[in-house]
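Here is the structure we will look at, set down as structure tokens.
Every number here is computed from the coordinates shown, using simple stated rules; none is lab data. Keep in mind that what you see is a predicted model, and the values were worked out from it rather than measured.
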Amino acid sequence: MSIKRNRWFGDRAGGVQMEYVILAVLVAAAVVVAVVVFSRSIAKMFLTAGESTTLQHTKAQANLNKRRTELDKDRKDADKYHDQMHK
């Protein structure tokens, strides 16, 4: 009886399991992309915070200013690419 039922309705257990595998792969890929994209800026933020709490204020201020300059440059580059894509 169950063989006829499976033929009629189809066995979906493998399909559902495959959907979960695909979702897990997509989540893992998103995590890898997030780590690659944000690792540099997060590391610099922790470096600046660590220096500012250990009485290295001038070095922390210099790193903060450098990071702000880099972020402004990255923002300008992103704006340029955005404008090129939406012409």
Give me the number: length gained by fully extending Ser52 to Phe38, i.e. 0.36 nm times residue separation minus the C-alpha to C-alpha distance, one decimal in nm. 2.9 nm
How would you classify the stretch 25-87 from its alpha-carbon gyration tensor, with a ≥ b ≥ c the square roots of the eigenvalues: rounded for a/c under 1.5, else prolate if a/b is greater than b/c, otherwise oblate? oblate
Quick one: Karplus J couplings for the stretch 19-32, per residue in order, coefficients 6.51, -1.76, 1.60, θ = phi - 60°, nearest Hz, x for Gly and Pro? 4, 5, 5, 4, 4, 5, 5, 5, 5, 4, 5, 5, 5, 4
